[in-house]
Amino acid sequence: SLLGTITDGDIRRAIVKKNGIAGTAVDVMNNNPITFLEGQTASEIIEKLPLTIQERNQSSRSFIAKVIIVNSQNVPIRLLDYHELWEQKVATHRHIVVVGLGYVGLTLALALADEGFYLSGYDVDANKIAQLKKGNCYIHEIGLPELLLENVGKTFHPTAELPANGDVYIISVGTPVVAQGKNIPAPILDYLDASVKEIGKKLDRGNLVVLRSTVPIGTCREFVIPKLEEASGLKCGLDFHVSFAPERTAEGKAIKELRELPQIIGGYNQDAVEATVAVFRELTSTIVRVESLEAAEMIKLVNNSFRDYVFAFANELSVMASKFNIDVVEAIKSANKGYPRNPIPLPSPGVGGPCLTKDPYIFANVAHDKGMDGQVFIKGRYINEFMHPFIVSRLKEQLGFVNKSVQGANVLICGLAFKGYPETGDIRNSSSVEVYNLLKKEGVNIFGYDPVAIKEDLEYFEIKEHNVVHGFKGFDAVLFLNNHKSFEKLNVYTMLREMNEKPIFFDGWSAFHKDDILNARESVYMNLSATYNSIIKK
């Protein structure tokens, strides 16, 4: 049981007063120290401590240097530094470490660094770190190269070794989904596991760990926290904090949205939430506090899964419309016109990108774990993935119509990134790449072009590049599979006249007027559901 406390200062004062070290501990100790019961939060302790000091008429700083935590039997179980407690509540001046410098991590790191935080960006890829130190940005994002050049070596410090003196660790590593046998694709948490264990070894009292990666509901509480506690020997909620603050930005306007979109924050307790708010309020004025870690984890999955599902509805309409040669884009526009309730989105050649292709599967796995079938998530994903073979089958049908063999046909895909607007160069999980690979398997002599995607990424996905500066000469078919704004500036009509006879023009986003294409020369015009031709049969 706690009888009292003795500090270094108490001993020094006793020596001065008595000219020696004679005497007992009882003569020197404070037999009525300020204590707090275990389980009280940092905020509660910080709030109560000044009142307790005032009640006791104690003003010396020695009374707030350390805080003693006892259990219900008055047994001392922990000694905390008051400064560390305050650090847990106010995080604006702390050293932030962003773990994982992919798209999500790098954009956030540079946005925070630009707000004046001391920011270490950690990644195991030494090549990425070397590029960043030179001021070279390997991600295409408007405004990002400028932020890097402005802050690298000043507030932003790239490193291939996890810093040991971090105060706030923000985890933004990948959590890809991988198909295992006949089961639906499931999330792989290997990168997260490695990061959490590494952080745990360097975790200190007062630290904050923020998870930003997309994960199944319950991951923070059931996976991250136990591993951090095991590796550090510390206790979540008292020694350190954990929160979930999901990434919600769209590629192509990430910096703008980091500063404008509401930030969702859920924490292990209220102190964790407020410590995280102290970081993100420097970026955005709108903070949405939610009731738990699990609520925040679910919200991340909700947004993307819902978008995938409604896009699936539009894409299923395009497949149905193709059975009747109906232009589904015109049909949807007509259905929406003047009708204020629930506007239907327009269809696309598939729904791609690293988020919308993953989150519904994560949701489905969570549903299965809780005894639900999760079909609402799976069906939407399957419909959107079906668009890839659907496009290939329609192209093959039209090649047959113009008496051309599929095998050996020269085909160009324009737009390889998973979306064209807002502009991005990211070709991961791209519908265009999926169509490219399917046509390649059919024996098509296939080429690709994207105005933004970098050469290294095209080489990684084994895409033969053709620059449209050289026109469409020698091609039998051209497929526009994303909606990049620069395509509107192409003189496709002149290029069309350079193509092989009876060319096929596939307009996946209905960006061009069919009559203009058909009048340019004898050709076939296709969109997602309808086919038109100006070929005169002889």
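The values are calculated or read from the model by the stated rules, or taken from the named source; none is laboratory data. If you're wondering where the values come from, they're calculated on a predicted model, not measured in any experiment. Please note: Cβ atoms are built from the backbone with ideal geometry, for glycine as well, and neighbour counts cover all protein chains shown. The area values use the complete protein model at the heavy-atom level, side chains included, leaving out ligands, DNA and RNA. Shrake-Rupley method; radii C 1.70, N 1.55, O 1.52, S 1.80 Å.
Quick notes on this one:
- Folded to 0 to 90 degrees: helix 103-114 orientation relative to the chain principal axis, Cα: 50
- Nearest 10 degrees, 0 to 90: helix 8-18 Cα axis against the chain principal axis: 20
- Cα-based shape type of region 404-491, given that a ≥ b ≥ c are square roots of the gyration tensor eigenvalues and the cut on a/c is 1.5: oblate
- Heavy-atom accessible area, probed at 1.4 angstrom with all protein chains present, ranks 159, 219 as 159, 219, highest first.
- For the chain, calculated [θ]222 nm from helices alone, where every DSSP H run of n ≥ 4 adds -39500 (n - 2.57): -12000 deg cm²/dmol
- Summarising the overall dimensions of region 281-336 from its C-alpha atoms, the Rg and Dmax are 18.4, 54 angstrom.
- Each label was represented as a point 7 Å from its Cα along the Cα-to-Cβ direction; for residue 231 and residue 288 these points are 3.0 nm apart.
- Radius 15 Å from Cβ of residue 2, net charge of other residues (Lys, Arg +1; Asp, Glu -1): +1
- Between the Cα long axis of helix 42-55 and the first principal axis of the chain there is an angle of about 30°, rounded to the nearest 10.
- For the chain, accessible area per residue (1.4 Å probe, heavy atoms of protein chains only), Å²: 47
- The chain - percent of accessible surface contributed by carbon and sulfur, probe 1.4 Å: 52
- Restriction of the trypsin sites (Lys or Arg not before Pro) in region 348-393 to DSSP coil positions whose beta-carbon has at most 14 other beta-carbons within 10 angstrom yields 370.
- Rolling a 1.4 Å probe over the protein heavy atoms leaves residue 470 with an accessible area of roughly 130 Å².
- Gyration tensor (Cα) of region 363-515, equivalent ellipsoid semi-axes in angstrom: 30, 18, 15
- Mean projected area of the Cα convex hull of region 223-366, taken over all directions, amounts to 11.7 nm².
- C-alpha center-to-center spacing [region 197-250, region 91-159] in angstrom: 21
- With both residues required to sit in the chain, DSSP beta bridges show an antiparallel share near 20%.
- Exposed GluC sites (Glu not before Pro) absent: longest stretch of the chain, with sites in DSSP loops and at most 12 other Cβ within 10 Å deemed exposed: 292-461
- Kirkwood Rh, Cα atoms: Rg over Rh of region 114-168: 0.95
- 56, 281, ranked by accessible area, largest first (probe 1.4 Å): 281, 56
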